[in-house]
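Peer 1: My questions all concern the structure below.
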Amino acid sequence: MSAKSKRGRPVLHGVTVLALLAGSAYLTVELRKDEQAKLPAVQAITDIPHLRSGSARTAGEQHWERLRNPDRSVLRIGIGGILATFTDGARTATLTGPSRTFDEPANTSSRVVTENWVRLMPEAWAKGAEKEQWFKDWFKEYYGSERDDLFAIAFQYVEGAPVRKDDEDVPYAGDADYGPLAPDIGPGEGQRLEESDFYDYLGIPYTFRDGTTKQPQPARYRAIDCSGFIRTVFGYRGRYPLAAADGTGDGLPRTANGMARSAVGVDIINLSGPAPRYERPESISELQPGDLVFFKTDARTASRLDHTGIYLGPDTDGNQMFLSSRKEVNGPTMGDEGGTSRLDGHGYYASALRSAKRL
């Protein structure tokens, strides 16, 4: 493995599944029916209500259902097929679309084949929101769309991802570092430093909603730590509100610990067990692609959660995968360096998993 140094009910149109044939070193998109057929279900629905007598669905009929744990609305086609899932209190939605393959050949042989497209709605979901005009407009625009979703955006920062620039010639995507090396003196020398946020990666000042302006540090240019990566994908690119720091405003906090303990979004897996170490959750079946997952990897940080990533779903071997920015690979990865990026089993990150949130 290599380590680097550097959004009543809308009238829905039928979905035409297009084969996306674009291969690259960091993201390949293709139609893989044979691989998809052998995967476990990405969305774990364990409380599907039984259809009442006389309410049998016809093939192709679209209908809404309410499910619990967490409270959510699911749009189905026929009896079982899921078209979309919307969670009460969350802006993150999963829409079923063309199958894609996400991989990262430089750092892992794992490949995630998924029909889930993860997007942010302009408002948080609530029961009955399917009747609201804002949702009708949003769903019409994005259901079946192949514009970049949060997964596509996230993989624009892994090793080998090409640089993308905006109209002002500012590189907003491309292979990202984790952070600069620590000084060659004292404890921690030679390690990658934390605290690189999205504005450091961009190299431009950023003014938050509360009026606070943050200046980028030149040494952190093109770098984003684990929480900075989440803020880049969901915030700067996805337009989820951002806070300048932990405990300020109502936006997404700065650190993994701040995000996990904040009131933003919906807690899908709560902290359990005695502090400060807490315990790994007994089940992760509640997870849905796009959820934020939080870890405790450092025993020296008391009850503080110190790492975060994005849940991707199962790979082709059925392993529950996530994507995060980490020191060992010097940037975003779903790879194996510094610990396999799996939430199941007894590996480093699987054992360190503590909670999860849906924004």
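The values are calculated or read from the model by the stated rules, or taken from the named source; none is laboratory data. Remember, it's a predicted structure, so these values are computed and weren't measured experimentally. Neighbour counts run over all protein chains shown; Cβ positions are idealised from the backbone, glycine included.
Peer 1: For the subset of region 265-295 comprising residues that are touching a strand residue (DSSP E or B) at 6+ places or on another chain (Cβ under 6 Å) and β-branched (V, I, T), which member is farthest from G238 (Cα to Cα)?
Peer 2: I269
Peer 1: Take the residues in region 67-101 that are in contact with a Gly (Cβ under 7 Å, 6 or more places away or on another chain) and over 23 Å from P241 (Cα atoms); name whichever of them is surrounded by the fewest Cβ atoms within 10 Å (Cβ to Cβ).
Peer 2: The residue in question is G78.
Peer 1: Before we move on, is E141 out of contact with any strand residue (DSSP E or B) (no Cβ under 7 Å at 6 or more places or on another chain), part of a loop (DSSP other than H, G, I, E, B) and acidic (D, E)? First the steps, then the outcome.
Peer 2: Details: out of contact with any strand residue (DSSP E or B) (no Cβ under 7 Å at 6 or more places or on another chain): yes; part of a loop (DSSP other than H, G, I, E, B): no; acidic (D, E): yes.
Against the criterion (out of contact with any strand residue (DSSP E or B) (no Cβ under 7 Å at 6 or more places or on another chain), part of a loop (DSSP other than H, G, I, E, B) and acidic (D, E)), E141 does not qualify.
Peer 1: Might you check whether a residue that is within 30 Å of E123 (Cα to Cα) and surrounded by fewer than 24 Cβ atoms within 10 Å (Cβ to Cβ) occurs anywhere in region 326-334? I'd like the intermediate steps shown before the answer.
Peer 2: Going residue by residue through region 326-334, those that are within 30 Å of E123 (Cα to Cα) are 332-334.
Imposing the further condition that a residue be surrounded by fewer than 24 Cβ atoms within 10 Å (Cβ to Cβ) reduces the set to none.
Within region 326-334 (the criterion being within 30 Å of E123 (Cα to Cα) and surrounded by fewer than 24 Cβ atoms within 10 Å (Cβ to Cβ)), the answer is no, since none of the residues qualifies.
Peer 1: Separate question: Mind listing whichever residues of region 191-207 are surrounded by 17 or more Cβ atoms within 10 Å (Cβ to Cβ) and modelled with pLDDT of 95 or more?
Peer 2: S196, D197, F198, Y199, D200, Y201, L202, Y206
Peer 1: Among what's in region 339-355 and is assigned to a loop (DSSP other than H, G, I, E, B) and either at pLDDT 95 or above or in contact with a helix residue (DSSP H, G or I) (Cβ under 8 Å, 6 or more places away or on another chain) (or both), pick the residue that is surrounded by the fewest Cβ atoms within 10 Å (Cβ to Cβ).
Peer 2: Here is the first cut: in region 339-355, the ones assigned to a loop (DSSP other than H, G, I, E, B) are 339-341, 343-347.
This time we only want the ones that are either at pLDDT 95 or above or in contact with a helix residue (DSSP H, G or I) (Cβ under 8 Å, 6 or more places away or on another chain) (or both), so: 339-341, 343-344.
Details: G339: 19, T340: 18, S341: 29, L343: 25, D344: 13.
Top of the filtered list is D344.
Peer 1: Could you please find all residues in region 262-286 being under 13 Å from R354 (Cβ atoms), within 17 Å of the chain's Cα centre (by Cα) and of a type outside the set (V, I, T)?
Peer 2: Keep residues of region 262-286 that are under 13 Å from R354 (Cβ atoms), which gives 267-282, 284.
So of that shortlist, the ones also within 17 Å of the chain's Cα centre (by Cα) come out as 267-269, 284.
The answer is D267, and nothing else.
Peer 1: Going by the conditions given, is Y172 over 30 Å from R100 (Cα atoms), hydroxyl-bearing (S, T, Y) and in contact with a strand residue (DSSP E or B) (Cβ under 7 Å, 6 or more places away or on another chain)? Please lay out each step first, then the result.
Peer 2: On the way: over 30 Å from R100 (Cα atoms): no; hydroxyl-bearing (S, T, Y): yes; in contact with a strand residue (DSSP E or B) (Cβ under 7 Å, 6 or more places away or on another chain): yes.
In short, no.
Peer 1: To continue, here is another question. Of the residues that make up region 140-148, is at least one surrounded by 23 or more Cβ atoms within 10 Å (Cβ to Cβ) and aromatic (F, W, Y)? Before the answer, list the steps.
Peer 2: The first filter runs over region 140-148 and keeps only residues surrounded by 23 or more Cβ atoms within 10 Å (Cβ to Cβ), leaving none.
No: region 140-148 contains no residue that is surrounded by 23 or more Cβ atoms within 10 Å (Cβ to Cβ) and aromatic (F, W, Y).
Peer 1: A follow-up question, please. Suppose we keep only residues that are outside any loop (DSSP other than H, G, I, E, B) and aromatic (F, W, Y) within region 225-246. Which one would you say is farthest from the chain's Cα centre (by Cα)?
Peer 2: Of all residues in region 225-246, those outside any loop (DSSP other than H, G, I, E, B) come to 226-237, 242.
Filter once more, so that each one left must be aromatic (F, W, Y): 229, 234, 236.
On the way: F229: 10, F234: 8, Y236: 14 Å.
Among them, the one singled out is Y236.
A quick yes/no check of all residues on (1) modelled with pLDDT under 95; (2) touching a Gly at 6+ places or on another chain (Cβ under 9 Å); (3) among the aromatic types (F, W, Y); (4) part of a helix (DSSP H, G or I):
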| site | (1), (2), (3), (4) |
| --- | --- |
| R119 | no, yes, no, no |
| P122 | no, no, no, no |
| K127 | no, no, no, no |
| D137 | no, no, no, yes |
| S145 | no, yes, no, no |
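Peer 1: When the residues of region 304-337 are filtered to those that are out of contact with any strand residue (DSSP E or B) (no Cβ under 8 Å at 6 or more places or on another chain) and among the small types (G, A, S), which remaining residue is nearest to A173 (Cα to Cα)?
Peer 2: Ranking the qualifying residues of region 304-337, first place goes to G335.
Peer 1: Working carefully through the options V158, V163, V233, find the one that is at pLDDT 95 or above, β-branched (V, I, T), at negative phi and exposed (fewer than 14 other Cβ atoms within 10 Å of the Cβ).
Peer 2: On the way: V158 fails: exposed (fewer than 14 other Cβ atoms within 10 Å of the Cβ); V233 fails: exposed (fewer than 14 other Cβ atoms within 10 Å of the Cβ).
Criteria check complete, one pass: V163.
Peer 1: Taking the condition among the charged types (D, E, K, R), under 22 Å from T92 (Cα atoms), in a loop (DSSP other than H, G, I, E, B) and modelled with pLDDT under 95, does D250 pass? If you could, list the steps in order and put the result at the bottom.
Peer 2: Working: among the charged types (D, E, K, R): yes; under 22 Å from T92 (Cα atoms): yes; in a loop (DSSP other than H, G, I, E, B): yes; modelled with pLDDT under 95: yes.
Yes: the conditions hold for D250.
Peer 1: Okay, next question. Within region 221-235, which residues are more than 17 Å from R261 (Cα to Cα) and among the polar types (S, T, N, Q)?
Peer 2: T232 - this is the single residue of region 221-235 that is more than 17 Å from R261 (Cα to Cα) and among the polar types (S, T, N, Q).
Peer 1: I want to confirm something. Restricting to region 285-306 and keeping residues that are touching a Lys or Arg at 6+ places or on another chain (Cβ under 6 Å) and in a loop (DSSP other than H, G, I, E, B), which single residue is surrounded by the fewest Cβ atoms within 10 Å (Cβ to Cβ)?
Peer 2: L305
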